[in-house]
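J.: Before anything else, here's the structure in question.
The values are calculated or read from the model by the stated rules, or taken from the named source; none is laboratory data. As the structure is a computational prediction, the values presented were derived from the model and not from experiment. Backbone-built Cβ (ideal geometry, glycine too); neighbour counts: all protein chains shown. Protein only, heavy atoms only, side chains kept; ligands, DNA and RNA dropped before computing areas. Shrake-Rupley method; radii C 1.70, N 1.55, O 1.52, S 1.80 Å.
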Amino acid sequence: MAKLINLKINGKPVSVPEGTLIVNAAKMVNIDIPVFCYHPKMEPVGMCRQCLVEIGRPMIDRASGQPVLDENGQPKLQFGPKLETSCTTPVSEGMFVITDSEKAQGGQKEILELLLTSHPLDCPVCDKGGECPLQNLTMAYGPKDSRFIFDEKQKADKHVPLGDLIFLDRERCIQCARCIRFQDDIAGEPVLGFYQRGRRTDIVTYSEPGFDSVFSGNTTDICPVGALTTADFRFGARPWELKQAASVCSQCPVGCNVTFDVRREAKAGGGYVVKRAMPRQNEQVNEIWMCDKGRFAGYQYTEAESRLLLDAGALESTLSLAAAKLAEAKSDAVFLAGGRLSNEDFYNLKQFADNLGAKAYLYTQHGGGEFTTAYGLSAGSNLGDLGTGDTVLVVASDLYNEAPLWHLRLKAAAQRGATLIVANARATKLDEYSSFVIRYSYGDEIETVKGLLGKEKIGEAIKNANNLVIFYGADGLGLAGTSALASACAELVTERAGKPNNGLIGVWSTPNQQGALEMGFAPSANLAAELKDKTVYILAADPAGDDPALAEALKSAKTVIVQDILETETTKLAEACPEGRGIVLPAAAYTEREGTYTSGERRVQRFYPAVPARPGTKADFALVAEIAKKCGFELEGRSPLLVMNQIAASQAAFSGVSYAKLAEVTAQWPIIGRSDLFYGGTGYENRQGLGVTLETRPGTVDGLRSAVNALRPKEDELFAVPITKLYDNGTTIVPAKLLAAHIDRFNGIVLNPATALKFGLENGSQATVSLNGVLYPAKVLLDESISTGVVLIPRSFAIPIKEPVAVKLAALVKAQEA
């Protein structure tokens with residue numbers, strides 16, 4: 001426990017830990033000190049001077065070192081001749097701070113007047129109007145009249161694109177450097193900076209392409225004026241027109257807490273639409289940040305033109321037809337579910353499958369879930385607590401692309417003193433912050449993990465760690481490889497199971513794969529064979545679009561029932577089946593319903609409806625319940641709350657979980673709220689629930705998995721491995737039109753420059769990849785960190801790769817001539 005310091009602020013006694021800044025000490029007793037450059041998540045710089053206060057300190061007798069007392073026996077206070085910045089001054093014993101004296105308020109008013117000398121008077125047309133710290137502080141602390149001449153105001157460029165997602169209005173910028181410091185210190189991507197000096201100082205981007213960061217949207221949240229705005233929300237709505245709905249991001253397993261701002265619009269026939277996604281504070285998950293994928297693609301797919309819809313009458317008849325087919329198939333049916341479903345959906349689906357005698361599989365190429373349910377994080381865990389004495393191992397995962405907020409959280413843990421070990425076959429952005437970087441060859445993942453304890457320093461860091469957390473991914477691996485990797489990683493944490501801040505985390509590709517695993521779902525080792533000649537019920541998955549082999553298997557199925565929110569290659573295949581053999585059911589999007597996800601950290605979190613469901617659509621759990629009822633089985637389909645009650649009663653890990661428990665909140669630091677936007681930014685306070693971490697169930701895994709045999713390509717072949725990019729051609733990303741250029745940027749195969757030279761290729765060249773007898777054109781990208789003889793192929797692009805495989809490569813022109 002840190003030593004407590006006693007002081008008074010405006011006469012109020014305060015006891016805070018040693019080292020606390022005055023501005024934060026005041027916040028703890030509900031005293032707001034106006035700030036612009038200071039932000040509680042970043043180191044203070046004292047640039048704007050807005051937080052000026054009077055500070056009195058006890059007079060100390062030089063001879064005795066003791067405070068000098070007055071006639072009443074109280075320490076005499078000595079106030080400095082000048083005001084001081086409360087954001088850079090730590091508290092000291094006996095200090096007396098005055099924030100509301102005439103002198104302090106005079107200083108604050110003068111700073112505001114100075115800032116306004118060249119600030120444009122365009123509040124009525126500014127996107128920040130209504131949630132602008134400068135606007136609010138001017139009303140509270142600023143002068144009533146301006147002494148400066150309007151024509152003498154500094155003019156600057158407006159609507160300057162820093163990148164294709166963020167715009168800068170240079171006239172509005174007050175040079176607080178929050179955006180620069182966020183990119184330098186929090187994101188670790190110093191792509192912004194100051195240019196020129198004095199009143200001509202501008203914000204510029206130094207990257208190519210501009211503002212090259214996956215965390216760029218956060219700068220608009222913490223900008224205290226209307227200088228930075230997002231491309232999707234510019235001139236889109238006024239803050240006071242918006243209603244808020246708490247939710248959880250559906251793009252990756254982190255489970256970032258978000259708030260959707262919605263309003264009625266003519267383009268929706270007067271109905272509600274989502275206008276923007278904003279971070280919602282949860283210091284145990286995403287703090288107050290979110291990545292650009294979640295911000296600019298987190299809800300756009302739910303409003304896509306390719307949404308599946310049916311009128312009520314057609315939906316009822318379609319449900320009856322689906323029920324008839326499944327009732328007829330019984331144990332000959334196969335259920336296939338994707339990780340976008342909620343916990344309630346998975347539970348109902350598993351109950352239905354068990355009653356019917358059908359097989360139920362999870363659609364994924366990332367195995368090892370039996371180990372994350374047995375040895376995953378347990379209650380009381382928080383990555384924000386990791387620091388000196390703790391160890392984090394990241395293996396076969398590029399967290400920056402796969403789970404950006406975990407990348408930020410582990411970067412911060414390393415900066416707090418945690419030992420970060422990164423093991424991968426190629427360079428990742430987390431390498432810069434790691435204590436140890438281990439580079440292995442693709443195919444050697446399992447052997448590398450098993451040999452870690454034998455490495456002197458690394459072995460000691462793992463064995464002697466106060467806490468050990470392991471993240472394992474699927475970089476360069478398929479289903480068998482990830483299962484074997486999880487097994488090897490589990491051996492390092494088996495004896496720590498159930499201890500907070502210890503365990504195994506799978507870096508899944510979907511938001512609720514962990515929830516599916518907790519419900520008893522598992523992937524199939526030979527899915528194509530399982531689907532042939534069966535009645536197949538597919539939910540929230542697109543196997544036909546991902547794998548030609550699965551598409552062929554579905555064409556041979558007796559019946560294909562597809563339940564999704566968007567048109568996909570799988571829904572098209574079902575619609576193209578002969579009459580009665582293909583059935584398509586429209587589901588409600590997660591923005592239109594209530595439910596829960598279980599994050600990769602095993603935290604169950606609740607999301608709420610933001611907009612009404614589209615006509616003719618229902619939540620997946622409700623559709624499953626209706627089909628089951630027509631088959632003679634009673635399942636709960638009225639409310640997800642009632643389904644969760646059943647889950648808590650029947651699933652040991654969910655014992656004690658309820659919607660009421662999930663909605664509970666506790667005090668968080670820093671204090672973020674909409675009433676003091678100048679302090680923490682425009683992110684939302686969390687009033688709808690912080691979630692509950694599941695208890696671990698150690699000792700339930702039947703043995704450890706053996707390593708897979710490494711693939712050895714022939715002399716004229718390359719070793720092709722799958723990797724994950726943040727932006728891809730996935731169903732939930734493509735509808736986000738703002739990200740089109742980002743998707744195209746990573747749409748290509750990756751080679752070592754020496755390998756490219758061997759084939760007569762260079763960066764940006766067009767090549768062909770021969771995979772399973774099919775030629776796929778691809779753009780060539782270069783990376784010196786990967787081995788020669790290896791080609792990286794991103795998932796969810798044009799080339800259907802699911803595991804390491806040998807391929808042949810040729811320049812596009814040569815291939816066409818052949």
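J.: Any residue that is polar (S, T, N, Q) and within 21 Å of Tyr727 (Cβ to Cβ) - is there at least one of those in region 230-246?
T.: Yes, because at least one residue in region 230-246 is polar (S, T, N, Q) and within 21 Å of Tyr727 (Cβ to Cβ).
J.: Let me ask another. Could you look through region 540-568, keep only residues that are assigned to a helix (DSSP H, G or I) and under 13 Å from Gly582 (Cα atoms), and pick out the one that is most open to solvent (accessible area, probe 1.4 Å)?
T.: So, considering only residues that are assigned to a helix (DSSP H, G or I) and under 13 Å from Gly582 (Cα atoms), the one most open to solvent (accessible area, probe 1.4 Å) is Lys555.
J.: If you don't mind, another one. How many of the residues making up region 643-679 are under 30 Å from Asn136 (Cα atoms) and among the basic types (Lys, Arg)? Walk me through how you get there before you give the answer.
T.: Quick first cut of region 643-679, residues under 30 Å from Asn136 (Cα atoms) only: 665-679.
From what's left, among the basic types (Lys, Arg): 674.
Of the residues in region 643-679, 1 are under 30 Å from Asn136 (Cα atoms) and among the basic types (Lys, Arg).
J.: Follow-up. I'd like to check something: does region 497-509 contain any residue that is modelled with pLDDT under 95 and touching a helix residue (DSSP H, G or I) at 6+ places or on another chain (Cβ under 7 Å)?
T.: Yes, the conditions are met somewhere in region 497-509.
J.: With the checklist (1) over 26 Å from Gly683 (Cβ atoms); (2) in a loop (DSSP other than H, G, I, E, B); (3) modelled with pLDDT of 95 or more in hand, flag the one item Leu7 doesn't pass.
T.: (2)
J.: Looking at region 32-49, is at least one residue within 23 Å of Leu134 (Cα to Cα) and more than 32 Å from the chain's Cα centre (by Cα)?
T.: Scanning region 32-49 turns up at least one residue that is within 23 Å of Leu134 (Cα to Cα) and more than 32 Å from the chain's Cα centre (by Cα).
J.: Tell me, yes or no, whether region 400-410 has at least one residue that is in the same structural domain as Gly503 (by TED's automatic domain parsing), open to solvent by less than 10 Å² (accessible area, probe 1.4 Å), within 30 Å of Asn526 (Cβ to Cβ) and in contact (Cβ under 8 Å) with a residue 60 or more places away in the chain.
T.: So far as region 400-410 goes, yes, one or more of its residues are in the same structural domain as Gly503 (by TED's automatic domain parsing), open to solvent by less than 10 Å² (accessible area, probe 1.4 Å), within 30 Å of Asn526 (Cβ to Cβ) and in contact (Cβ under 8 Å) with a residue 60 or more places away in the chain.
J.: Quick one: Val437 ticks every box in (1) over 22 Å from the mean Cα position of the chain (by Cα); (2) open to solvent by less than 10 Å² (accessible area, probe 1.4 Å); (3) free of Cβ contacts under 8 Å to residues at least 60 places away in the same chain bar one, so which box is it?
T.: Every condition holds for Val437 apart from (2).
J.: Quick check on my filter: what residues within region 204-242 are in contact with a helix residue (DSSP H, G or I) (Cβ under 8 Å, 6 or more places away or on another chain) and among the acidic types (Asp, Glu)?
T.: Selection gives Asp232 alone.
J.: Name the single residue, out of those in region 320-376 being among the charged types (D, E, K, R) and more than 30 Å from the chain's Cα centre (by Cα), that is most open to solvent (accessible area, probe 1.4 Å).
T.: Filtering region 320-376 down to residues among the charged types (D, E, K, R) leaves 325, 328, 330, 332, 340, 344-345, 350, 354, 359, 370.
Imposing the further condition that a residue be more than 30 Å from the chain's Cα centre (by Cα) reduces the set to 325, 328, 330, 332, 354, 359.
Working: Lys325: 54, Glu328: 143, Lys330: 115, Asp332: 46, Asp354: 87, Lys359: 92 Å².
So the residue we want is Glu328.
J.: From the set of residues in region 510-526 that are outside any helix (DSSP H, G or I) and touching a helix residue (DSSP H, G or I) at 6+ places or on another chain (Cβ under 8 Å), which is most open to solvent (accessible area, probe 1.4 Å)? Give the steps one after another, and end with the answer.
T.: Here is the first cut: in region 510-526, the residues outside any helix (DSSP H, G or I) are 510-512, 519-526.
With the extra rule that they be touching a helix residue (DSSP H, G or I) at 6+ places or on another chain (Cβ under 8 Å), the set shrinks to 512, 519-525.
Details: Asn512: 0, Met519: 12, Gly520: 47, Phe521: 6, Ala522: 47, Pro523: 39, Ser524: 18, Ala525: 105 Å².
So, considering only residues that are outside any helix (DSSP H, G or I) and touching a helix residue (DSSP H, G or I) at 6+ places or on another chain (Cβ under 8 Å), the one most open to solvent (accessible area, probe 1.4 Å) is Ala525.
J.: Does region 12-45 hold any residues that are out of contact with any helix residue (DSSP H, G or I) (no Cβ under 9 Å at 6 or more places or on another chain), at pLDDT below 95 and not hydrophobic (A, V, I, L, M, F, W, C), and which are they?
T.: Asn30
J.: Only one of (1) surrounded by 16 or more Cβ atoms within 10 Å (Cβ to Cβ); (2) without any contact (Cβ under 8 Å) to a residue 60 or more places away in the chain; (3) assigned to a helix (DSSP H, G or I) fails for Arg181. Which number is that?
T.: All conditions are met except number (2).
J.: From the list Ala529, Ala587, Ala549, Ala553, which one is of a type in the set (Gly, Ala, Ser), under 26 Å from Lys243 (Cα atoms) and touching a helix residue (DSSP H, G or I) at 6+ places or on another chain (Cβ under 9 Å)?
T.: Ala587
J.: Filter region 729-766 for residues that are hydrophobic (A, V, I, L, M, F, W, C), touching a strand residue (DSSP E or B) at 6+ places or on another chain (Cβ under 8 Å) and closer than 21 Å to Pro548 by Cα and give the result.
T.: Of everything in region 729-766, just one residue is hydrophobic (A, V, I, L, M, F, W, C), touching a strand residue (DSSP E or B) at 6+ places or on another chain (Cβ under 8 Å) and closer than 21 Å to Pro548 by Cα, namely Ile749.
J.: Kindly list, by first and then second residue, each pair from a residue in region 560-578 that is on the phi < 0 side of the Ramachandran plot to a residue that is of a type in the set (Asp, Glu), limited to pairs with Cβ atoms under 7 Å and residues at least 6 apart or on different chains.
T.: From residues that are on the phi < 0 side of the Ramachandran plot, the pairs are Gln563/Asp620; Thr568/Asp542; Glu569/Asp542; Thr570/Asp542; Thr571/Asp564.
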